[in-house]
Each structure stands twice: as C-alpha cells, then as structure tokens.
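One structure below.
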Amino acid sequence: MPIMKRVKRDFSKEDWDTYYRRYQMTLAKDYLIPILSEWGVELEGKRFLEVGCGDGGCGAEFYRAGCNVVMMDIEERLVGIAKKLNQRESVDAAVYVGDILDEKAAFLEDGPFDLVMFRDVVEHLERPDEALRIVQRHLRVNGVVFVVFPPYYSPYGAHQQILPRSKMGFIPFNKLPYVQLLPSRWFLALTRGDTPANREVERLSRIRLTISRFEKCAKAAGFNVVKKRMFLSRPTFALRYGIPVIGSGVLGRIPGVNEVLVTGAYYLLAPTNDINR
C-alpha cells in the first residue's frame, strides 16, 4: 500500500468543506479501497451504501472504483455539500438525508446492497446493534459490511478534540488524550456546554463503544467477523497530522490493553447465514 502522506490545509486556496472532501477521497483511495481489495472484496459493479457520508469524498472514490453508489447522512447541510461537490466532480451518486435507525428510510429502497460502510459513524449511534440488523435486512446474498471506528477508551475516542477550546490550567484540555478516563463526573464537568460539540461528546460518554462491545453488537445482529485490523496510529492520523500509520500487532489482540491503545478498529462483517451456506 502507498505511504500515507499528510493532506495539508491551505485555506487560501480552498474552504473547509473542499479540504475535508479531499481528505475523505485520499483516505478512501489510499487506504479504505486497498484494504478491501486485500480482503477480497470486489467493487466493480457493486451496489455500495455509505452510512454517514459527510461531504461525500469517500463515496466519490468508491464511485470512481466502479461502484453504484448511494450515500446518506443525518445532517441536511452535509448532504447539500455532498450533492454540490458530486455535481462539480461528475460523480453520479444518489445522496439522501436520513437515519440508519429508520427502517423506512428512503435510501434503503435503493438496495439491496453488496457493501455497506460505516466509517467513523457507528460509535455515534445509540443502538449500533439495531443499525446492523437493519443493514443486514438490506444486504444481497454474500453482501458485507465494512466498519471503521475509534474505540471509546483510545486516546481521542471521546472526540474531545471537537470541543471548543477550553483550558485545564494553561493546557487546552481538548488536546489532551485519555481525558475520558477521569471519573465520569469530572469529565462531564469539563465537557459541559451548550454547543453541538459539547452535547455530542456528552452523548458519546453514554454510548462508550468499545472493541468488545462492538463485537458483541455485531454478533447479536447476526454477523460474524470475517476480517479485522487494529492500529496504534490509524491512517486518519497520517493524513491529518503527519503521524505514520502503525499497526497494533499483538497488542491489538490483548483484551483491555487494546481498548486503550488501539486508535482505529477496522472490521469486515458478513451475515452468519451467508457464512454457513
């Protein structure tokens, strides 16, 4: 796989959404698509759903890789951006506002799907097991689900970096790793606020999606883990901060240790019934 290089910001040439779209495209092209290829997942001609598409950059690269692409996000503003940028780049993809926990959501009617991707999304869901159950009902035979997320107890698994700047003494605590390991009342006191970011960090502290909990949710939803890969420093860090990608090795297989050291967990799931055929 290619060495992951930082996607530098240059706001004199592009706005945040254009930059973030480019970051998503680079992540998909240089890492997500290659790892799926390595795992034997074919893309050409496949029906692909991205859950939580944001600015749509990942879906755009899956389109260029030959997929028939459907994108969705719960935020109308982001869906508008994805549509605008898709049109600019001649990306022919359906983009919907919707909720993956809504069994009657319009985007599900575009299925069944060969591949569904949750990239940095599943940790935000109140009921991840239910989301996986819904997705399974809209998979084709031999369809798979690709899930990427930061475990809650990893250095920035609480998403404290999205908080408005606030300091602990002279240190901006939103830049500190592992602050979620503080006693709950202390952590919630530090993160309390009226912004959407404050509310989301508080919500994530209730969800607390760990590696072990995710695997239990996947099993409860009728999935088996086909492939998985863990990172001490995940590809996102390489693109955004210039930190090299580092696999977890044996540390990623030690329960408890992996929860605090793994910054990115990558899973390929297949319905149990498909595996048993």
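The values are calculated or read from the model by the stated rules, or taken from the named source; none is laboratory data. The structure presented is a predicted model; accordingly, all values stated were derived computationally and were not measured. For neighbour counting, all protein chains shown are included, and Cβ atoms are generated from backbone atoms with ideal geometry for every residue, glycine included.
Summary table
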read-out	value
Qualifying position, being within 18 Å of residue 210 (Cα to Cα), surrounded by 23 or more Cβ atoms within 10 Å (Cβ to Cβ) and among the β-branched types (Val, Ile, Thr), among 147, 135, 121	147
Members of segment 221-238 found to be more than 15 Å from the chain's Cα centre (by Cα) and in a helix (DSSP H, G or I), listed by number	238
Segment 31-59: number of residues that are surrounded by fewer than 21 Cβ atoms within 10 Å (Cβ to Cβ) and part of a helix (DSSP H, G or I)	5
Matching entry among 238, 221, 189 (being farther than 26 Å from residue 30 by Cα, aliphatic (A, V, I, L, M) and surrounded by 18 or more Cβ atoms within 10 Å (Cβ to Cβ))	221
Test result for residue 29, of a type in the set (Lys, Arg) and in contact with a strand residue (DSSP E or B) (Cβ under 6 Å, 6 or more places away or on another chain)	no
Inter-residue pairs, beta-carbon under 9 Å, first in a helix (DSSP H, G or I) and in segment 63-88, second at pLDDT 95 or above and of a type in the set (Lys, Arg), 6+ apart	64/29
Options 89, 50, 42; residue that is under 23 Å from residue 149 (Cβ atoms) and at pLDDT 95 or above	50
Flag if residue 258 is surrounded by fewer than 18 Cβ atoms within 10 Å (Cβ to Cβ) and either at negative phi or charged (D, E, K, R) (or both)	no
Subset tally (residues that are charged (D, E, K, R) and on the phi > 0 side of the Ramachandran plot) for segment 205-245	1
Qualifying residue in segment 10-30 (condition: touching a Phe, Trp or Tyr at 6+ places or on another chain (Cβ under 7 Å) and either under 27 Å from residue 134 (Cα atoms) or modelled with pLDDT of 95 or more (or both))	yes
Qualifying residue in segment 166-173 (condition: among the hydrophobic types (A, V, I, L, M, F, W, C) and assigned to a helix (DSSP H, G or I))	yes
Residue within segment 186-197 that is touching a residue at least 40 places away in the same chain (Cβ under 8 Å), out of contact with any Cys (no Cβ under 8 Å at 6 or more places or on another chain) and outside any strand (DSSP E or B) present	no
Residue list for segment 188-244, filter: in contact with a Leu (Cβ under 8 Å, 6 or more places away or on another chain) and aromatic (Phe, Trp, Tyr)	223
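Yes/no matrix, rows are residues, columns are (1) within 19 Å of residue 18 (Cα to Cα); (2) β-branched (Val, Ile, Thr):
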site	(1), (2)
47	no, no
89	yes, no
94	no, no
103	no, no
116	no, yes
121	no, yes
128	no, no
